[in-house]
Amino acid sequence: LSQKGWIRCAKSHEFISSQLTFKSGDASFAQTTGYAHWPTLVFDDKGYAYTLTSHLLPSARGQGEPITKFLTLNGALQPFLINAHEDQTLIFVSSQGYGFCSTVKSASSRTKNGKKIISLSSSAKICTVTTIAADTQKLAIISQQGRILIINLEDVPHLAKGKGNKLMQIHT
């Protein structure tokens, strides 16, 4: 995914990130690895998740195609691109310290308009969306002020969508 919203897909044996070329004034924004039969999730700053059918994405041999051909975005794209099995656990954390766990299947949408997955206040944004390994037991949360909090992953709620619980108090 490029900064200007162009997307493309490459087979792993063809992919060398340093050899990718972009249109003038554009650059890499986010990339992920995975399988063509797994869904690829893209997120925006309004809390929406969008699902792309990975094997239908344009080839990386060209410049790609605008992501708006595949999706109707509600906000600005975020640099989180996930290609994972539908049972894979994800963690969502907002800039205000709220978070929850979900699955790729829960975050997936069948429509181009996406699915509201994380509820954000007007001043909040998504800090991170990432996959969690099956054997993970602890979660480390680090604030911009350099504070760290380590909690048991079992204490983080599992929700289909929502705001989540306050994981860390963030002082602004």
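The values are calculated or read from the model by the stated rules, or taken from the named source; none is laboratory data. Keep in mind it's a predicted model, so treat the numbers as computed, not measured. For neighbour counting, all protein chains shown are included, and Cβ atoms are generated from backbone atoms with ideal geometry for every residue, glycine included. Ligands, DNA and RNA are stripped out before the accessible areas are found, and what is left, the full protein with its side chains, is counted by its heavy atoms. Shrake-Rupley method; radii C 1.70, N 1.55, O 1.52, S 1.80 Å.
In the set K116, K105, K125, which member is free of Cβ contacts under 8 Å to residues at least 60 places away in the same chain and of a type in the set (D, E, K, R)? Write out each step before concluding.
Values: K116 fails: free of Cβ contacts under 8 Å to residues at least 60 places away in the same chain; K125 fails: free of Cβ contacts under 8 Å to residues at least 60 places away in the same chain.
Testing whether each residue is free of Cβ contacts under 8 Å to residues at least 60 places away in the same chain and of a type in the set (D, E, K, R) leaves just K105.
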Checklist entry - Pairs under 8 Å by beta carbon, first residue polar (S, T, N, Q) in segment 143-172, partner open to solvent by 100 Å² or more (accessible area, probe 1.4 Å), six or more apart or different chains? => result Q145/H171; N152/Q137; N152/K138
Checklist outcome for this item: Expected single match for out of contact with any Ser or Thr (no Cβ under 8 Å at 6 or more places or on another chain) and closer than 30 Å to S24 by Cβ among N83, N152, N74 is N74
Next on the checklist: Would you confirm whether or not segment 113-133 contains a residue that is farther than 18 Å from F80 by Cα and among the charged types (D, E, K, R)?
Outcome noted: no
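Of all strands (runs of 3 or more DSSP E) completely enclosed by segment 1-85, which ones contain at least 1 residues that are loosely packed, with under 13 Cβ neighbours inside 10 Å and without any contact (Cβ under 8 Å) to a residue 24 or more places away in the chain? Lay out the reasoning, then the answer.
Numbers: elements: 39-44, 48-53, 77-83.
Once the strands (runs of 3 or more DSSP E) in segment 1-85 are filtered for at least 1 residues that are loosely packed, with under 13 Cβ neighbours inside 10 Å and without any contact (Cβ under 8 Å) to a residue 24 or more places away in the chain, what remains is 48-53.
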Next on the checklist: Here is a check on your reading of the model: is I67 farther than 30 Å from Q144 by Cα and touching a strand residue (DSSP E or B) at 6+ places or on another chain (Cβ under 8 Å)?
Outcome noted: yes
Checklist outcome for this item: When segment 49-63 is checked residue by residue, the ones that are modelled with pLDDT under 90 and either of a type in the set (K, R) or in contact with a Leu (Cβ under 8 Å, 6 or more places away or on another chain) (or both) are A60, R61
Next on the checklist: Any residue at all in segment 40-48 that's at pLDDT 85 or above, touching a Ser or Thr at 6+ places or on another chain (Cβ under 7 Å) and either over 23 Å from A160 (Cα atoms) or of a type outside the set (S, T, N, Q) (or both)?
Outcome noted: yes
